[in-house]
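A short worksheet on the structure shown next.
The values are calculated or read from the model by the stated rules, or taken from the named source; none is laboratory data. The shown structure was predicted, so the numbers you read here are calculated from the model rather than taken from an experiment. Every residue, glycine as well, gets a Cβ built from its backbone with ideal geometry; the counts of neighbours run over all protein chains shown. Each accessible area value is taken on the protein alone, full model and side chains, heavy atoms only, with ligands, DNA and RNA left out. Shrake-Rupley method; radii C 1.70, N 1.55, O 1.52, S 1.80 Å.
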Amino acid sequence: MGWTMDIFRRTSQHNRGTGARYTKMNSPVELVYWETQSDKKTAQKRELVLKKLGHNKKHQLIYGNPKIMKPAFDPFQYEYYIVAPGRVNLLGEHVDYNGGPVLPAAIDRQMNISANPRKDNILHLKALDLTEETWISLDQLDEKIDVNGNPLPDWALYPAGIAWIAQKRSYPISGVDAIFTSNIPIGSGLSSSAAMEVGFAALWRELDGWKLDNLELAILCQQAENQYVGVNCGLMDQFASANGVVGSALYFNTNNLDWKAVNLPPSVSIVIADSKKRRSLSTSGYNDRRTSCEEAVAILKQNLPSINNLRDVTIHDFSQNSYMLNPIQFKRARHVVEECHRVDQAMESLSKNDIIQFGELMKQGHQSLKDLYEVSLPELDTLVNIANALPGCFGARLTGAGFGGCTVSLVEEKHAKNFVEQLKDGYKKATGIEADIYICKATQGVHVEWRKPS
Ligand code: GLA
């Protein structure tokens, strides 16, 4: 029994004799039961509790638990093992569908997918964390049903969407047996769905020889989400999951799709705090926000004919012409115009290594998301307010779409541990909710972690 950040790799290590002395002497091991916990500390506590359970209780957990899915898995028994990270956005929120610049980073919270190709046209998908599985025919993707005619579970729309868009583009696509597990909390603003799309797209790219680079892969995934899942998202999440660079944020200009990696100072920690308030992009006001921005562009264009999107509107032009907008359009558009400007300023601060200034811009960004874009929640504001008052914190803001989910703080490394504890305590006292808080590393984008030698 043990805890691990990577259940696939660890199981395999045990079976190769490189895991632990006990399993070396008693291999092969079979994985019969697992649980996902929010962080290392909670996992270690839970391990102690499980270790102390008597034989009968353990037996009941393993065999009496209806959630157990058989057979147990080991990714290295599959031909392909793909890893796709989630992302955090440091600045530039709700600007990626307005041609604006964004500053996300891929993080060390990831989707792990293992798969074998099948000879038929079936996608057999197992969601290990949800302990659900489904069989989908590649001939019935349009209908969004499984082979028995039942509606697809929500999670299956993402891989099915990739297969669907690939068919639309006439890319070859194989049936697969795929299993996956993820430690990106769902609906938390860390792009668990983009990671799933990018991971499955990378799997098929590998299997079926699609000639797409990572940016093109991200665009394909965004189209699947827009057209199949029905969320009118921008490109930031899929882009970051596909193109992440170790130790770096990614400056991505969504107007012309240029991007570059920007080193983050090593003495600064990225701390993510999950408010535990969940959201769903399609049921939230996300699409409404997007519509207001489009309306604002159409109206401003009457006086500013050269603009194609809100990124093209300068702060000066906005102040001269904003009288044309209704109050909602005004607030939404003002956020976007100013947020784009904040990212430009943030790039300047990073080039001067001025993290204090960067943190100030994050604070302003949050205020604007709260007052103008109106996508914050009291719980997110509470996390941000507590964080900003703690020693070593340069700045905090909500990250992702909002309406729930996570905040991100940049914290001086030497204060990070205390920061995490105090933020957790403060949030618990203020709301009664136990936040999950992690110190994250910026990581590599989607990749084939392992492929069975042929
Ligand atoms: C979600 C969307 C992104 C982006 C953010 C807000 O994560 O998927 O495209 O719009 O919200 O910045």
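Odds and ends about this structure:
- Subset of the range 366-399 that is closer than 19 Å to residue 292 by Cα and touching a strand residue (DSSP E or B) at 6+ places or on another chain (Cβ under 7 Å) - its residue that is most open to solvent (accessible area, probe 1.4 Å): 376
- Residues within the range 84-109 that are more than 7 Å from the ligand (Cβ to nearest atom) and among the polar types (S, T, N, Q), tallied: 1
- Selection from the range 117-151 of residues that are part of a helix (DSSP H, G or I) and open to solvent by 20 Å² or more (accessible area, probe 1.4 Å): 142, 143
- Whichever residue in the range 152-186 is buried (at least 21 other Cβ atoms within 10 Å of the Cβ) and among the small types (Gly, Ala, Ser) and, among such residues, is farthest from residue 135 (Cα to Cα): 182
- Enumeration of residues in the range 179-211 that are touching a Phe, Trp or Tyr at 6+ places or on another chain (Cβ under 9 Å) and at pLDDT below 95: 179, 180, 181, 186, 189
- Qualifying residue in the range 192-204 (condition: open to solvent by less than 10 Å² (accessible area, probe 1.4 Å) and of a type in the set (Ser, Thr, Tyr)): no
- Within the range 402-435, being at pLDDT below 95 and either in the same structural domain as residue 37 (by TED's automatic domain parsing) or open to solvent by 20 Å² or more (accessible area, probe 1.4 Å) (or both) holds for one residue alone: 403.
- Filter pass, residue 185 being within 16 Å of the ligand (Cβ to nearest atom) and part of a loop (DSSP other than H, G, I, E, B): yes
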